[in-house]
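Since the structure comes first, as structure tokens, the remarks are kept for the end.
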Amino acid sequence: MALPTLETTHYSVDQGIATITLNRPDKLNAYNPRMREELLALFDETDADDNVRVVVITGAGRGFCAGADLSSGGSTFDRNANSGDPSRQSLKVGDVYRDGGGTNTLRIFESLKPVIGAINGPAVGIGATMQLPMDIRMASTKAKFGFVFARRGITMEAASSWFLPRLVGMQTAMEWCMTGRVFGADEALEKGLVRSLHEPDDLLPAVYEVAREIADNTAPVSVALTRQMLWRMSAAPHPMDAHRIDSRSIQARGESADAKEGVTSFLEKRPAEFPNKVSTDMPAFFPWWDEPVFE
């Protein structure tokens, strides 16, 4: 399926690395319904394209994402006040409107390709929460973060109450979300929200270096499985859950052409050329979890 015309994002692919750029720089890339729809379409595209090995997300201009577009004023978060919006209506399930940001973070969570955030500037509200399901977050020294929802009279969104404590621990998540304060890149690094800090001009080169390491040296199907195993087992109640999927996965992968190539290329001291593709060669047991249902 062809991508829609992109109005709030920019998309490119170069040597196996897809870059999604939030592209409303005059508004610090504030998030709106159109951006939500484009992000959903772009992650469908990256999953379907076997030429894409890694996805990088960043922002245009001096910001990553300043949060929700507040141009509607005090009714911005009132679902009933905006009920005539077709984009809003598409989120209605019975008497409940699904949280739009959550549709994006759940889609990123389900990605078959690894996702790296290049947090180049202010990242507040949905700008902070949309990056939580990204696998690696690297930030500019100029970046700022804020889970500001309580200061706007609303609550956490984008499934951040699930993601954030897993990344930074309950105490830090509680403090950041109950105070709603904006904090700097140094604190984000100290608490584990981001992997590393870089001077602004060095951020994207550093991100692409990590992406290149994945794209050039690993088997796509193995990475897709590994990504889902790590995320989903982070909430499993017992290590036996991990053992069950480990057992099925290592058996399936051990019989694959990728495993033969991985071992042979190592013994022959040459770069591997893995033949299996995410689009056609995922093991029969995948996905092993139930399809998500919103109730």
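The values are calculated or read from the model by the stated rules, or taken from the named source; none is laboratory data. Everything numeric in this text was worked out from a predicted model, so none of it was measured. Glycine gets a Cβ as well: all are built from the backbone with ideal geometry, and neighbour counts include every protein chain shown.
For region 80-96, the candidate set comprises residues that are buried (at least 16 other Cβ atoms within 10 Å of the Cβ) and either touching an Asp or Glu at 6+ places or on another chain (Cβ under 7 Å) or of a type outside the set (S, T, N, Q) (or both); within that set, the residue that is modelled with the lowest pLDDT is Arg88.
Filtering region 44-51 for residues that are under 19 Å from Pro33 (Cα atoms) and at pLDDT 80 or above leaves a non-empty set. Against the definition (over 15 Å from Thr58 (Cβ atoms), assigned by TED's automatic domain parsing to the domain that holds Val54 and modelled with pLDDT of 95 or more), how does Leu204 come out, yes or no? For Leu204, the condition - over 15 Å from Thr58 (Cβ atoms), assigned by TED's automatic domain parsing to the domain that holds Val54 and modelled with pLDDT of 95 or more - is not met.
The set of residues in region 163-185 that are more than 17 Å from Ile116 (Cα to Cα), in contact (Cβ under 8 Å) with a residue 40 or more places away in the chain and assigned to a helix (DSSP H, G or I) contains only Arg166. Of all residues in region 2-44, which are at positive phi and surrounded by fewer than 21 Cβ atoms within 10 Å (Cβ to Cβ)? Selection gives Gln15, Gly16.
Each row is one residue, and each column tells you yes or no for (1) in contact with a helix residue (DSSP H, G or I) (Cβ under 9 Å, 6 or more places away or on another chain); (2) assigned by TED's automatic domain parsing to the domain that holds Arg98; (3) under 17 Å from Pro114 (Cα atoms).
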{"site": "Thr141", "(1), (2), (3)": "yes, yes, no"}
{"site": "Glu190", "(1), (2), (3)": "no, yes, no"}
{"site": "Glu199", "(1), (2), (3)": "no, yes, no"}
{"site": "Thr226", "(1), (2), (3)": "yes, no, yes"}
{"site": "Trp231", "(1), (2), (3)": "yes, no, yes"}
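If only residues of region 117-141 that are surrounded by 22 or more Cβ atoms within 10 Å (Cβ to Cβ) and among the β-branched types (Val, Ile, Thr) are counted, the one that is nearest to the chain's Cα centre (by Cα) is Thr129.
Among the listed residues Leu193, Leu203, Leu197, which satisfies the condition of being in a strand (DSSP E or B) and crowded, with 16+ Cβ neighbours inside 10 Å?
Within the list Leu193, Leu203, Leu197, the selection yields Leu197.
Every condition in (1) closer than 25 Å to Ala48 by Cα; (2) in contact with a Pro (Cβ under 8 Å, 6 or more places away or on another chain) is met by Pro114 except one, and the failing one is (2).
Residues are listed down the side, and each one gets a yes or a no for (1) within 16 Å of Gly127 (Cβ to Cβ); (2) touching a Leu at 6+ places or on another chain (Cβ under 7 Å):
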residue	(1), (2)
Pro165	no, no
Gln171	no, no
Glu175	no, no
Val182	yes, no
Leu189	no, yes
Pro200	no, no
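In this structure, Ala158 does satisfy being free of Cβ contacts under 8 Å to residues at least 60 places away in the same chain, surrounded by 14 or more Cβ atoms within 10 Å (Cβ to Cβ) and not in a helix (DSSP H, G or I).
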